Amino acid sequence: MISILFGGAVSMVLTLLGTRYAIKWLAKHGYGQEIRDDGLASHQIKRGTPTMGGTVFIAATIVGYFAAKLFAMIASNGGGPTASAVLVLFLFAGMGAVGFLDDFIKIFRQRSLGLRSKAKLAGQTLVAVVFAVLALQFPDDRGQRPASPFISFIRDIGWLELPAVLVIIWILLLIAGMSNGVNLADGLDGLATGASMMVFGAYTLICIWQFNQSCATERGVGAKCYEVRDPRDLAVVAACLTGALFGFLWWNASPAKIFMGDTGSLSLGGALAGFAVMTRTELLVLLLGGLFVVITASVILQVGYFKITKQATGVGKRLFLIAPLHHHFEMLGWEQVNVVIRFWIIQGLCVVIGLGIFYAEWVTG
């Protein structure tokens, strides 16, 4: 438990201090955000705000994790890094690398759209497939692998076993959905940062609980125990992410001094999917990250309704004034801060309900 708190504290301090210097360095070199000309007029004042801030909390999370492992090894002869934790960090950093390329192109080519959609999809797919293939390897002494061939809700659903190829496709879809969901939510100061912090905080609690009730320990016996590989180490990673985002939010809250960019949003979405796979909560993450699901759904509904009405009447109609959903409320006249706080409340409710269902399943057995 001490190593979990230590890792989170180290990551938080690193982002609190490191982001300040990153802002100065990025501003000095002109690494500012490009804003689409056809976007909301109120967002044009954000043009030039330093971006690629995701690099700070990616680095802080990785350093925090290995600092926690070193602390545990010195203090209590703890073991080294585990396969599950390293794979989540790989997915986190790999998706961040794809986002970094996107941000790099936006800045240096002065093109607000960044990477072409096919190139971005190819990069996401490559990282996701490598993660999925590796996650099906590395069995421990009990035969447990980081990922499972079953689709899961709170545990593996016994009758939903998939062949390896379909498991890889399922994980790929999960990663693509969550990474793009967080990416779409990253449109207002602090929105994606605060919402993601809540979900990783929830996963810290879930992993601690799974470790305390693990089938690999003497405490975890019977039908209520969890067949999850390396839950304690996953808790360290989740705590480091939570702490890193807490520190980053200090600078990213309105008015934002720095943006996470696609570097941050794609990496956070990838990490969410990684935790869902590793903790056997692949369907529960849709509730824990409910805000991201709603925002993604708003875009899908907007595009789908426009195409359907255009085919039917010749004139495309819109369900919302603009998508994603948070911009719709901006156009209705809501202040940006009000939108963010109210969406944080929605995300908080999703986390509370998700954790409640997780715990209720254990109580009822």
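The values are calculated or read from the model by the stated rules, or taken from the named source; none is laboratory data. All of these numbers come straight from a predicted model, not from anything done at the bench. Please note: Cβ atoms are built from the backbone with ideal geometry, for glycine as well, and neighbour counts cover all protein chains shown. The protein model used for the area step is the full one, side chains on, heavy atoms only, and it has no ligands, DNA or RNA in it. Shrake-Rupley method; radii C 1.70, N 1.55, O 1.52, S 1.80 Å.
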Crossing angle, helix 191-212 versus the chain [Cα axis fit, 0-90 degrees, rounded to tens]: 10
Simple label model, 7 Å out from Cα along Cβ direction - V303 to R116, nm: 1.8
C-alpha center-to-center spacing [the stretch 185-216, the stretch 242-275] in angstrom: 13
Probe 1.4 Å, protein heavy atoms only - accessible area per residue of the chain in square angstrom: 45
Normalised alpha carbon radius of gyration of the stretch 227-341 [divisor 2.2 N^0.38 Å]: 1.36
Filter on K28/K257; K106/K310; K106/K317 - keep pairs with C-alpha separation over 23 Å: K106/K310; K106/K317
Solution diffusion estimate, µm²/s, Stokes-Einstein, the stretch 115-256, Kirkwood Rh from C-alpha pairs, 10 °C, viscosity 1.306 mPa s: 93
Dipole of the chain, positive end: most advanced residue of V293, A75, A360 [Cβ charges, Cα centre]: V293
Peptide ranges 18-25, 282-289, 231-238, 308-315 listed from the most packed, as the mean C-beta count within 10 angstrom indicates: 231-238, 282-289, 18-25, 308-315
Size of charge dipole - the chain - debye, nearest 20, with Cβ of Lys, Arg +1 and Asp, Glu -1, no other charges: 800
In degrees, nearest ten, helix 117-135 long axis to first principal axis of the chain (Cα): 10
Set of the stretch 68-98 residues, backbone N closer than 20 Å to the point 7 Å along the Cα-Cβ line of V129: 87-88, 90-98
Whole-percent pair-distance distribution, where bins are 20 Å wide, for the alpha carbons of the chain: 30, 57, 13, 0
Partnerless Cys - the chain, beta-carbon criterion under 4.7 Å: C207, C240, C350
Largest to smallest principal axis extent of the C-alpha atoms in the stretch 107-173, angstrom: 52, 24, 21
Extension reserve of the V165-H29 stretch, reckoned as 0.36 nm per residue once the Cα distance is removed: 44.5 nm
Spin-label model distance (nm) - N338 vs L319, 7 Å beyond Cα toward Cβ: 2.4
Sequence ranges 120-131, 351-362, ranked by mean other-Cβ count within 10 angstrom, highest first: 120-131, 351-362
Computed lengthening from M331 to I157, 0.36 nm per intervening residue step minus Cα-Cα distance: 58.4 nm
Highest-first arrangement of 160-169, 96-105, where packing means the average Cβ count within 10 Å: 96-105, 160-169
Compactness relative to 2.2 N^0.38 Å, alpha carbon Rg of the stretch 191-282: 1.24
